[in-house]
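Report on the structure given below.
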Amino acid sequence: MARSRERRSADARVLRAPVALVTVLLLAAARVRTAHAQEPAAPAQQPAAADTAAATDEVVDAGRKIFHGKGTCHACHGDQLQGGPIAPSLRGPKWRHIDGTFEAILQRVRGGYPGSVMVSHPGGIDDAQTIQVATYVWAVSQGKTKP
């Protein structure tokens with residue numbers, strides 16, 4: 001009798017693992033489906049963008065440090081902004097989803113790109129840092145600085 005109870009207990013444990021795994025997978029799939037089904041929120045009004053004439057060496061260098069550091073931008077766009085399998089080149093003059101103006105670059109950094117790995121404020125950077133990153137990317141794409 002004790003052996004029969006042990007066997008039923010072992011059988012139950014063997015069945016629990018796959019059931020738990022299937023449950024987790026179904027919950028994850030439902031979450032992904034829900035996330036894709038939601039309409040992207042309208043971008044919030046942002047403060048005015050910095051004038052590209054103010055693209056000083058200091059602002060470009062600060063943007064470079066954020067792009068290659070806290071912003072984690074280089075992980076997808078490459079160390080030379082050359083792009084790769086995950087994200088497009090940022091070297092211009094042709095752009096995949098935007099026109100390459102400073103304003104469009106800034107909007108993309110602040111708003112992300114729904115349905116992709118490009119998130120709003122990558123790496124948790126703040127609005128001031130988004131201006132610095134956009135200035136750096138714009139300056140590289142215009143040939144005004146090197147990556």
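Structural remarks
- Among the residues of the range 128-145, those that are under 15 Å from ILE66 (Cα atoms) and touching a helix residue (DSSP H, G or I) at 6+ places or on another chain (Cβ under 7 Å) comprise GLN129, THR130, ILE131, GLN132, VAL133, ALA134, THR135, TYR136, VAL137, TRP138, ALA139.
- Within the range 109-131, the set of residues being polar (S, T, N, Q) and either modelled with pLDDT of 95 or more or more than 10 Å from the chain's Cα centre (by Cα) (or both) comprises SER120, GLN129, THR130.
- Only helices (runs of 4 or more DSSP H) whose full extent lies in the range 73-147 are considered here, and the ones with at least 3 residues that are of a type outside the set (D, E, K, R) and in contact (Cβ under 8 Å) with a residue 12 or more places away in the chain are 102-111, 127-141.
- Across the range 59-87, the qualifying residues are those that are in contact with a Cys (Cβ under 6 Å, 6 or more places away or on another chain) and surrounded by 15 or more Cβ atoms within 10 Å (Cβ to Cβ), and the one among them that is nearest to ARG110 (Cα to Cα) is PHE67.
The values are calculated or read from the model by the stated rules, or taken from the named source; none is laboratory data. Keep in mind it's a predicted model, so treat the numbers as computed, not measured. Backbone-built Cβ (ideal geometry, glycine too); neighbour counts: all protein chains shown.
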